[in-house]
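Novice: Below: one structure in structure tokens.
The values are calculated or read from the model by the stated rules, or taken from the named source; none is laboratory data. Here the structure is a predicted model, which means the values were calculated and not measured. A quick note on method: Cβ atoms are made from the backbone with ideal geometry, for glycine too, and the neighbour counts reach across all protein chains shown. Side chains included, ligands, DNA and RNA excluded: accessible areas come from the protein's heavy atoms. Shrake-Rupley method; radii C 1.70, N 1.55, O 1.52, S 1.80 Å.
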Amino acid sequence: MQESNHRAPKDFAAARSASLTFCLSLLVFCGSGDAAAPAPEPPGDAVEKLPEISQLPDPFLFTSGRRVDNRKQWRKRREEIKEILLRYEYGHTAPAPEKWSAREVSSKTWLGGRMTLVAMTLDTGAGNSLDMAVHVYRPAGDGPFPAVLNIGDDGSKAAVAFARGYMLVTCSPEVDLDPDTEGREIAGPAQLACPTCDWGSLAVWAWGASRAMDYLQTRRDVQSDHVIVRGHSRMGKAALLAGALDERFAMVAPNGSGTGGASAYRVRSSGAETLASITSPKRFASWFQRDFGRFGDRVDRLPFDQHWLLALVAPRPLLSTEAEQDRWANPRGNQAAVEAARHVYRFLGAADHIGIRIRPGGHENLDEDWHATLDFADWKLFGVATRRRFDHRWDTNYTPTYDWSLP
């Protein structure tokens with residue numbers, strides 16, 4: 001992967017000085033108790049103190065040893081899973097800001113007058129030190145329209161969304177809130193504004209998507225109960241995390257999200273990216289909670305796997321779009337995670353609300369991927385039938401090795 005070219009980060013000293021109120025709210029957040037049981041945590045770097053789990057861990061098993069047996073208990077278990085994932089893998093996100101504002105920067109017609117592109121700046125809570133760009137590609141007419149929120153400022157699919165009756169909205173947390181870097185750690189504005197927070201870049205970007213959702217809920221031309229969060233590659237990882245943490249997103253659609261996203265760590269394709277490689281300080285350690293790399297060569301000691309992250313989305317629709325030749329993104333592990341998470345969906349009475357679409361080709365963000373996403377959205381959000389399949393298997397010989405089942 002090559003490092004993305006982004007504009008220079010803003011004045012970090014200003015970010016620190018402008019965020020006192022935001023930091024105070026975070027301190028309250030980090031110090032507050034939660035009803036969920038604490039995740040098991042080894043002292044220091046003692047990964048060996050954690051139990052060895054060779055199979056995909058049971059999502060229905062509380063850390064106390066008790067097992068979920070009804071939907072009310074699942075809600076409690078869901079909070080426990082969330083805490084485990086944040087503690088070990090992504091780091092804890094900041095709370096939503098109490099105050100924020102949005103201002104229009106520019107507006108111009110698009111697609112021969114059939115669409116308007118509006119550039120907004122979103123002040124996410126700590127003065128202009130945490131501004132984030134949001135672009136709204138709005139079809140002509142009053143709406144309201146369902147919307148796709150794409151993490152990453154890429155409007156290249158606006159025409160695809162428009163043709164399908166959707167508004168496209170893009171945000172750029174990987175530029176404005178925490179720079180996307182490779183092989184070096186840069187404390188971005190969000191991390192400087194929240195020095196007590198242990199979030200890595202993926203958690204910052206997911207938090208930024210939720211702030212864009214705050215804004216979309218104020219727009220009368222948006223069906224705020226029909227917003228899909230989407231992203232490709234590293235932004236697919238962030239989109240999946242955003243959708244798992246923020247239940248306001250009606251559907252979650254990661255594309256080629258791979259390791260650290262929708263693919264299991266314990267089940268790998270030949271040539272797939274490993275936990276050790278992605279968390280190397282020479283590569284993308286900064287995307288994750290700072291200590292996550294200690295599991296690089298001991299994946300069997302992870303208390304979780306990525307099917308737990310997928311399960312946090314349940315029962316809301318979730319579609320993972322993948323490619324047959326994208327071995328680096330671990331399509332076998334993606335299949336395994338989706339099939340394991342489907343047990344949770346089935347338990348909640350929504351087995352067909354989770355899908356996987358695998359097309360020919362490689363690691364790209366194609367119109368075909370978008371059409372598959374919108375076909376799934378039309379089906380699940382609006383009841384429009386489709387002939388497209390969403391139960392693909394990259395490895396038809398894969399047989400789950402875990403022995404847990406539905407409660």
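Novice: Of (1) in a helix (DSSP H, G or I); (2) at pLDDT 95 or above, Val227 satisfies all except one. Which?
Specialist: Result: Val227 fails condition (1) only.
Novice: Go through the stretch 394-404 residue by residue and tally those that are in contact with a strand residue (DSSP E or B) (Cβ under 8 Å, 6 or more places away or on another chain) and open to solvent by 50 Å² or more (accessible area, probe 1.4 Å).
Specialist: To start, the set of residues in the stretch 394-404 that are in contact with a strand residue (DSSP E or B) (Cβ under 8 Å, 6 or more places away or on another chain) comprises 394, 404.
Subsequent filtering for residues that are open to solvent by 50 Å² or more (accessible area, probe 1.4 Å) retains 394.
Of the residues in that region, 1 qualify.
Novice: Between a residue in the stretch 377-388 that is in contact (Cβ under 8 Å) with a residue 24 or more places away in the chain and any residue that is surrounded by 14 or more Cβ atoms within 10 Å (Cβ to Cβ) and in a helix (DSSP H, G or I), which pairs come within a Cβ distance under 8 Å, given they are 6 or more apart or on different chains?
Specialist: Pairs found: Lys380/His353; Arg388/Ala372; Arg388/Asp375; Arg388/Phe376.
Novice: Could you run through the stretch 62-99 and say how many residues are crowded, with 20+ Cβ neighbours inside 10 Å and among the small types (Gly, Ala, Ser)?
Specialist: Here the count works out to 2.
Novice: Only one residue in Ala244, Ala272, Ala253 is open to solvent by less than 10 Å² (accessible area, probe 1.4 Å) and assigned to a strand (DSSP E or B), so which one is that? Give the steps one after another, and end with the answer.
Specialist: On the way: Ala244 fails: assigned to a strand (DSSP E or B); Ala272 fails: assigned to a strand (DSSP E or B).
When all the criteria are applied, what remains is Ala253.
Novice: Starting from residues that are of a type outside the set (A, V, I, L, M, F, W, C) and either open to solvent by less than 10 Å² (accessible area, probe 1.4 Å) or assigned to a helix (DSSP H, G or I) (or both), keep the ones in the stretch 323-341 and report whichever is farthest from Lys380 (Cα to Cα).
Specialist: Start the filter on the stretch 323-341 by keeping residues that are of a type outside the set (A, V, I, L, M, F, W, C), which leaves 324-327, 330-335, 339.
Narrowing further to those that are either open to solvent by less than 10 Å² (accessible area, probe 1.4 Å) or assigned to a helix (DSSP H, G or I) (or both): 327, 330-335, 339.
On the way: Arg327: 29, Asn330: 26, Pro331: 24, Arg332: 25, Gly333: 25, Asn334: 21, Gln335: 20, Glu339: 18 Å.
Among those residues, the one meeting the criterion is Arg327.
Novice: Related question: Checking Gln335 against (1) within 30 Å of Ala190 (Cβ to Cβ); (2) in contact (Cβ under 8 Å) with a residue 24 or more places away in the chain, only one condition comes out false. Which one?
Specialist: (1)
Novice: Let me ask another. I'd like the residue in the stretch 108-140 that is of a type in the set (Gly, Ala, Ser) and open to solvent by less than 40 Å² (accessible area, probe 1.4 Å) and, out of all such residues, is farthest from Lys237 (Cα to Cα).
Specialist: Among those residues, the one meeting the criterion is Gly127.
Novice: Within the stretch 342-393, track down each residue that is in a helix (DSSP H, G or I), within 14 Å of Thr321 (Cβ to Cβ) and either charged (D, E, K, R) or open to solvent by 70 Å² or more (accessible area, probe 1.4 Å) (or both). Reasoning before the result, please.
Specialist: Start the filter on the stretch 342-393 by keeping residues that are in a helix (DSSP H, G or I), which leaves 342-347, 351-353, 367-382.
Subsequent filtering for residues that are within 14 Å of Thr321 (Cβ to Cβ) retains 367-377.
Hits for the stretch 342-393 are Asp367, Glu368, Asp369, Asp375.
Novice: Could we say that Ser210 is surrounded by fewer than 19 Cβ atoms within 10 Å (Cβ to Cβ) and either out of contact with any Pro (no Cβ under 6 Å at 6 or more places or on another chain) or not in a loop (DSSP other than H, G, I, E, B) (or both) here? Explain how you work it out, then say what you get.
Specialist: On the way: surrounded by fewer than 19 Cβ atoms within 10 Å (Cβ to Cβ): no; either out of contact with any Pro (no Cβ under 6 Å at 6 or more places or on another chain) or not in a loop (DSSP other than H, G, I, E, B) (or both): yes.
Spelling it out, it is not the case that Ser210 is surrounded by fewer than 19 Cβ atoms within 10 Å (Cβ to Cβ) and either out of contact with any Pro (no Cβ under 6 Å at 6 or more places or on another chain) or not in a loop (DSSP other than H, G, I, E, B) (or both).
Novice: If you don't mind, another one. Out of all the residues in the stretch 191-203, which are modelled with pLDDT under 90 and either open to solvent by less than 20 Å² (accessible area, probe 1.4 Å) or over 19 Å from Leu122 (Cβ atoms) (or both)?
Specialist: Hits for the stretch 191-203 are Ala193, Cys194, Pro195, Thr196, Cys197.
Novice: Let me ask something else. Kindly establish whether Ser224 is polar (S, T, N, Q), in contact with a Leu (Cβ under 9 Å, 6 or more places away or on another chain) and open to solvent by 20 Å² or more (accessible area, probe 1.4 Å). Quick ask: steps written out before the conclusion?
Specialist: On the way: polar (S, T, N, Q): yes; in contact with a Leu (Cβ under 9 Å, 6 or more places away or on another chain): yes; open to solvent by 20 Å² or more (accessible area, probe 1.4 Å): yes.
Considered against the rule, which asks whether it is polar (S, T, N, Q), in contact with a Leu (Cβ under 9 Å, 6 or more places away or on another chain) and open to solvent by 20 Å² or more (accessible area, probe 1.4 Å), Ser224 comes out as yes.
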